[in-house]
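The values are calculated or read from the model by the stated rules, or taken from the named source; none is laboratory data. Since the structure is predicted, the reported quantities are computational estimates derived from the model, not experimental observations. Reconstructed Cβ throughout: ideal geometry from the backbone, glycine too, with neighbour counts over all protein chains shown. Calculation scope for accessible area: heavy atoms of the full protein, side chains included, ligands and nucleic acids excluded. Shrake-Rupley method; radii C 1.70, N 1.55, O 1.52, S 1.80 Å.
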Amino acid sequence: MPIPDFQSVMRPLLETVSDGTPVSLSNVRSQVADTFDLTEIERSERLPSGRQTVINNRVGWARTYLNKAGLLQIPERGMVQITERGREALVAGPERITVRWLKQFPEFERFHNPAPENKASEPTDGPEQPDTTPDEQLAEAHQSLMDALADDLLAQVRRATPQFFEQLVVDLMLAMGYGGSRQEAGQATRATNDDGIDGTIKEDKLGLDIIYLQAKRWANSVHRPEIDKFIGALTRQGARKGVFITTSEFSPGAREAALGLNMAVVLIDGRELAQLMIENNLGVSTRQTFEVKQVDSDYFSED
């Protein structure tokens, strides 16, 4: 079954600690995963940040929300214990505890919707809250911004001149660690007009190998004949490595042509190009930075 959202986790979490004894958070996580019969793959699936598994993140936020609503307490670091209010919730509460249901408790309402005293809080019978945790919402918002940035970046690249695009390819290879110095790369990537090869660049600062480049600022898809032509040019040069970059996309036949060769041919389409530019800070700048912090448990250790 799919990994449960963090609101669906709340009641099972309460049930795992229903006997009233403190239980370690690690045991709670394991028992909740068992409750939903999660596979090993599902248990190991990680958030986009890669820092935490999805199920651990959702159990952690469920614990936080239940604690803020007074249904759980944390008697000591890494432990969880049900409260009298939590026991009552298991008896009289809904089968699926939600954020909206928790808002009946004033302390949770203050936590979830802090507002000035002169500003009315959201009504508890308002729309249901999203099933994703704040960490997931932040990751989704960031991904949406990155997708929009990639679209804008690619549109800008497509409006540039062919000469600018060729230089952009050089700058990208440099930003990714290829080509040595800018001066050396500039000399190495002069237009060759040599049967399907636009230029070359050193693979490393010592020039132990050469990468052959083809750059196409196209709007239409790149098809197999163009890749075959590039492969033929690489073969005549005795080359072992080539990179074909386009602002458009590759047809299935074009991608198939680059497979199973005795040389390495990498195809980078417009979407991948934009992502690589973002990852390597080429043509983009940081507008705003948000720091997401967590408690430093080591600081509070008295061992």
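Being among the small types (Gly, Ala, Ser), assigned to a helix (DSSP H, G or I) and more than 11 Å from residue 172 (Cβ to Cβ) is the filter here, so list the residues in segment 259-298 that pass it.
Scanning segment 259-298 gives 270, 297.
All but one of (1) open to solvent by 70 Å² or more (accessible area, probe 1.4 Å); (2) within 25 Å of residue 139 (Cα to Cα) hold for residue 8, so report the exception by its number.
Against the list (1) open to solvent by 70 Å² or more (accessible area, probe 1.4 Å); (2) within 25 Å of residue 139 (Cα to Cα), residue 8 comes up short only on (1).
Among the residues of segment 194-243 satisfying the criterion of being of a type in the set (Lys, Arg) and part of a helix (DSSP H, G or I), which is surrounded by the fewest Cβ atoms within 10 Å (Cβ to Cβ)?
Selected residue: 236.
Checking residue 206 against (1) out of contact with any Leu (no Cβ under 9 Å at 6 or more places or on another chain); (2) within 18 Å of residue 167 (Cα to Cα); (3) hydrophobic (A, V, I, L, M, F, W, C): exactly one of these is not met. Which one?
(2)
Pairs, please: C-beta under 7 Å, at least 6 apart or cross-chain, first residue over 11 Å from residue 231 (Cα atoms) and in segment 246-269, second surrounded by fewer than 19 Cβ atoms within 10 Å (Cβ to Cβ) and among the acidic types (Asp, Glu)?
That search, which allows pairs on different chains as well, returns 269/249.
Every residue, every condition in (1) more than 25 Å from residue 235 (Cα to Cα); (2) at pLDDT 85 or above, yes or no:
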site	(1), (2)
159	yes, yes
163	yes, no
173	no, yes
179	no, no
184	no, no
195	no, no
199	no, no
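For the subset of segment 244-262 comprising residues that are open to solvent by less than 30 Å² (accessible area, probe 1.4 Å) and in contact with a Gly (Cβ under 7 Å, 6 or more places away or on another chain), which member is nearest to residue 211 (Cα to Cα)?
Filtering segment 244-262 for residues that are open to solvent by less than 30 Å² (accessible area, probe 1.4 Å) and in contact with a Gly (Cβ under 7 Å, 6 or more places away or on another chain), the one nearest to residue 211 (Cα to Cα) comes out as 246.
Give me the helices (runs of 4 or more DSSP H) completely within segment 1-91, filtered to those with at least 3 residues that are touching a residue at least 12 places away in the same chain (Cβ under 8 Å) and over 21 Å from residue 109 (Cα atoms), ordered by residue number.
So the answer is 6-16, 25-35, 54-68.
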